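The structure appears right after this line, and notes come after that.
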Amino acid sequence: MSAGHGETSWCFSQVKGALNDDITDADVISCVEFNHDGDLLATGDKGGRVVIFQRDPSSKAANPRRGEFNVYSTFQSHEPEFDYLKSLEIEEKINKIRWLKRKNQAHFLLSTNDKTIKLWKVSERDKCVEGYNTKEESGRILEPKQITSLRVPSIKPMDLMVEATPRRVFANAHTYHINSISVNSDQETYLSADDLRINLWNLEITNQSFNIVDIKPSNMEELTEVITAAEFHPRDCNLFVYSSSKGTIRLCDMRSAALCDQHAKLFEEPEDNEMNNKSFFREIISSISDVKMSNSGRYMMSRDYLSIKIWDLHMETKPVETYSVHEYLRTKLCSLYENDCIFDKFECCWNGNDSSIMTGSYNNFFRVFDRNTKKDLTMEASKDIIKPKTVLKPRKVYTGNKRKKDEISVDCLDFNKKILHTAWHPLENILAVAATNNLFIFQDKF
């Protein structure tokens, strides 16, 4: 994994999706998620489809290991709907996918659009039953008098078929758009969050949920903040966190009350009065777009527009680490506001042992930060590098007057190309990076 000077070196492994410039909106990837052992990788898109990739067994067994994935299953998770009471179209876009831990041969995942959450079972079939007594091979049911002899049905091998079937549909519980779902460590319940409320569900019960957070004011004109993300603690099933558009994170304990309007802890960075209050964009750029608990459960990470912050759950007063993602954009906030890019919601993710973190930026750049060495890398998910084993060259953005070789000017960045969704394999150094309609797979150099 290490190239000279102890730095991680990454190389290209695969790219999925059409590489031409003729992109339809439905093909744009809207979420990426590895399952718990990293053998399956799911993506959702704006067209309501879920595509599951499976780790190639030969790449896993190879020495050194390679991160190669093949299409395993594709299915239509959500369809466009229309709310006749509110005269609103409900998009089919998949907002989030979350895997359940595997309990048997089948895999289960939750997928959600703005209003409806679905539990999907993904299972394999490589055998079929032949020789029924009461029906023909075509499926036509026989009349009793047509049956003249009895035979013993037999199980025959068949080509492998992967089936995705909806097992549960959790609907009609959210007035506003769902932005987060998170499966509890008990694997029996999960939460779903929209702009103003968080609901707790049992995976077996579709017709009722418990409202555990409600920040909707009695008078909507008094609304000052919205919920932007929510997640359960990875080990303590009674704890969850949610972030707000004001840059705060609240940790709640479900043991204290049925309605968790009173938080147990409030994580908020003290304001820098001199610098922040001068900026018209202060509140917009401090809004948290994603919050992720570390795998150990000791830390959590929050992503705002310009930075990533690491918080220790034992210390509420300030983050223990802050990483600048694209500070060079601070001077460009006016134009980013005008083209709406300032409202982009970048996600972030941990590696398997919480020693590194990753998030996206513009120009198809993505950033990897090593928490131990404090070194950081900027890399590009580009069509120019799609040759296996191509080592990714670190990219640099210059802001001064003198441009060094291989540096790119801030004014040359393409703000239409953005990495919003990324995922890190839970056990290995394999990265999944969604760039518009393409899914790039990178791995440590081999």
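The values are calculated or read from the model by the stated rules, or taken from the named source; none is laboratory data. Keep in mind that what you see is a predicted model, and the values were worked out from it rather than measured. Neighbour counts are summed over all protein chains in view; Cβ atoms, including those assigned to glycine, are modelled from backbone coordinates with ideal geometry. Heads up: the accessible areas ignore ligands, DNA and RNA and are worked out on the full protein's heavy atoms, side chains in. Shrake-Rupley method; radii C 1.70, N 1.55, O 1.52, S 1.80 Å.
Is at least one residue of segment 153-170 in contact with an Asp or Glu (Cβ under 6 Å, 6 or more places away or on another chain), touching a residue at least 60 places away in the same chain (Cβ under 8 Å), in a loop (DSSP other than H, G, I, E, B) and surrounded by fewer than 20 Cβ atoms within 10 Å (Cβ to Cβ)? No, segment 153-170 contains no residue that is in contact with an Asp or Glu (Cβ under 6 Å, 6 or more places away or on another chain), touching a residue at least 60 places away in the same chain (Cβ under 8 Å), in a loop (DSSP other than H, G, I, E, B) and surrounded by fewer than 20 Cβ atoms within 10 Å (Cβ to Cβ). Considering F369, F343, the condition of being under 23 Å from E269 (Cβ atoms), touching a residue at least 24 places away in the same chain (Cβ under 8 Å) and open to solvent by less than 40 Å² (accessible area, probe 1.4 Å) is satisfied by F369 alone.
Residues that are touching a residue at least 24 places away in the same chain (Cβ under 8 Å): which strands (runs of 3 or more DSSP E) entirely in segment 398-446 hold 3 or more of them?
421-424, 430-435, 438-444
Checked against (1) in contact with an Asp or Glu (Cβ under 8 Å, 6 or more places away or on another chain); (2) open to solvent by less than 80 Å² (accessible area, probe 1.4 Å), I386 passes all but a single condition, namely (1).
Checked against the criterion of being open to solvent by less than 10 Å² (accessible area, probe 1.4 Å) and among the aromatic types (F, W, Y), segment 60-77 has at least one qualifying residue.
At least 2 residues being over 17 Å from the mean Cα position of the chain (by Cα), of a type in the set (D, E, K, R) and at pLDDT below 95 is the threshold, and among the strands (runs of 3 or more DSSP E) wholly inside segment 87-132 those reaching it are 117-130.
Cβ separations smaller than 6 Å between residues 6+ apart or across chains give the following pairs from segment 31-47 residues that are over 21 Å from N353 (Cβ atoms) to residues that are among the acidic types (D, E) and in a strand (DSSP E or B): A42/E33.
Taking segment 171-192 as the range and being open to solvent by 20 Å² or more (accessible area, probe 1.4 Å) and in a strand (DSSP E or B) as the test, the residues that pass are V183, T189.
Candidates in segment 16-66 are the residues that are of a type in the set (K, R) and in a loop (DSSP other than H, G, I, E, B); of these, the one that is modelled with the highest pLDDT is K46.
Scanning segment 394-416 for residues that are surrounded by 12 or more Cβ atoms within 10 Å (Cβ to Cβ) and among the charged types (D, E, K, R), which turns out farthest from the chain's Cα centre (by Cα)? Only one residue fits best here, namely R403. Among the numbered conditions (1) loosely packed, with under 12 Cβ neighbours inside 10 Å; (2) out of contact with any strand residue (DSSP E or B) (no Cβ under 7 Å at 6 or more places or on another chain), the only one that R102 does not meet is (1).
Within segment 54-78, how many residues turn out to be farther than 18 Å from E91 by Cα and in contact (Cβ under 8 Å) with a residue 60 or more places away in the chain? Spell out how you get there, then give the answer.
First, the residues of segment 54-78 that are farther than 18 Å from E91 by Cα: 54-74.
With in contact (Cβ under 8 Å) with a residue 60 or more places away in the chain added as a condition, the list becomes 64-69, 72-73.
Result for segment 54-78: 8.
Filtered by the rule that a residue be open to solvent by 20 Å² or more (accessible area, probe 1.4 Å), touching a residue at least 40 places away in the same chain (Cβ under 8 Å) and over 17 Å from the mean Cα position of the chain (by Cα), segment 346-363 gives a lone residue, N353. One residue alone among G17, G38 is crowded, with 17+ Cβ neighbours inside 10 Å, among the small types (G, A, S) and more than 28 Å from S192 (Cβ to Cβ), and that residue is G17.
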